[in-house]
Structure formats: C-alpha cells, structure tokens
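Comments concern the structure below.
Please treat every number below as a calculation from the coordinates, not as lab data. Remember, predicted model here, so these are calculated numbers, not experimental data. Note that we place each Cβ from the backbone using ideal geometry, even for glycine, and neighbour counts take in every protein chain shown.
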C-alpha cells in the first residue's frame, strides 16, 4: 500500500452536498466582514459538489465535479483556525467565504453559497463535529501522557550474588560479661546507681495470715490411711470402758471394806 492510499484510508467524510455555488468576491471593503449582497449573479464562477472530509486533525472542504470527481478547489481547516479559513457573511446564513489554497503556498478567497438553509446548517454542524473530535483526541492524549508520568518504573532486580573469589568480612562487637548470669541480664543485680556496690534483691515478707496453721481437710472416705486412723480411734474407744470397770471395782472393794 502506498502512502497516498494509506492517507485516503484515514479519511472520513462528514458531509456531502450535491450542489453548491462558488463566487468571485471583491476585496474586503471594511474590517467588519463580507456581505453577499455585493456579489452579483455574474460573479458566479463554478457550481458542483461539496464534501467535508476529516483527515486526522485537519478538516478539508473539497469542491469537486459531481460527475468526474475532479477537484476544483480545497479549503484546509487546521485545528483552532476555523475563523481564518471559513468566515460567515454579515447579511445571510447561506453564504460563506472560504480561503482556498493550491498546496504550494498561494491562497485566495472565494464565496460559497448553499441553495437551502438547512444545507448551510449541516455545513456548520460538520465543522463543529470535527472540532469536538480533535478536542477529545487531544484530551485523551494528555490523559495517557499524565498516566504514563505517574506510572511507577520498576527496575530489574539487582544481582547481589558474590562473584567467584569474592569474600565478605563481618566485624562482630563482643559484649563484656558481668558474671552475674541470668540475674544480671534481667536487671536484678549489679551496680545501677553508680556507687560501685551491688544492689541486693529485696523479698517482701509473707502476709500476716500465713503464720496461722490451718486444720487439715478431712481425707476422703475410701482412703486407706483414713481407715487406719478410724480403727485406731475405735480401739481407744473400746479400751476406755475397761479402765472404767477396774476403777469401779476398786471403788466397790473400798466401799465394802469401809462397811
């Protein structure tokens, strides 16, 4: 595909008007603008087809032969320069002044007239749509550029492996041991006041109620030790009546002797 074919594939036709009129206009008389009333019918120099074509950022108004498609003249509307390329007249909404160029630096001004008012309205709408399209594309490019600027660039990982023959030297600072073992490490002994004397670890006295002896709890009923203690108590309880009987017998003998 050639460059010209590639350019044509990027074109987009916005408007086609089957017949328009082109007029030769006199130089601008005042700075106020052009008036189509000054153009006489005898000043009409051409009639044919009009096409509004979007070519990326630029919009082209092409005046072509309706049968052969031969180009008669072209008006190039660059971004932000619509007023200098297409100018409305002061006394009608159907007529415009176009700045045509020959492509080698020469330009001229011609009058453009539409047969119907709605055709002139569609012509203005097509130019406005192209301006909106260019503005959106520009804003999109700005947004993509700002996103790329805020994107965090992640560098490839650095290889920290040692090369062959390289060594690493590590200096370790030794701590002097105090000789107090775990108490010194916990901060419970040693000289912390700067006097040179080690502090003693004070232990709080037991509570006052700790000196009282508590009675032991009774053992469980199935405990063998408890069974032995119960048997011992029972034996003492049986012997007690025997001693009482001896005492009674002695007292009875004494009582008989006294009688």
- Taking 13, 167, 88 and counting other C-beta atoms within 10 Å, the order from fewest to most: 167, 13, 88
- Query: Once the mean 1/r over all distinct Cα pairs of region 3-144 is inverted, what Kirkwood radius in angstroms do you read off?
  - Reply: 16.0
- Task: Averaged over every viewing direction, what's the projected area of the C-alpha convex hull for region 51-94? Give it in nm², one decimal, please.
- Result: 3.9
- Item | Spin-label zone in region 32-52 - amide nitrogen under 20 Å from a point set 7 Å from the Cα of residue 19 along the C-beta vector | 40-52
- Task: In nm, give the distance between the simple-model label positions of residue 35 and residue 70, each being 7 Å from the Cα along the Cα-to-Cβ direction.
- Result: 3.7
- Which of 36, 59 comes first, and how do the rest follow, when ranked by fewest Cβ neighbours within 10 Å? 36, 59
- Message: Could you work out how much longer the chain between residue 60 and residue 84 gets when fully extended? Use 0.36 nm per residue separation minus the Cα distance between them, nm to one decimal.
- Response: 7.3 nm
- Task: Arrange the following residues from fewest to most other Cβ atoms within 10 Å of their Cβ: 116, 60.
- Result: 116, 60
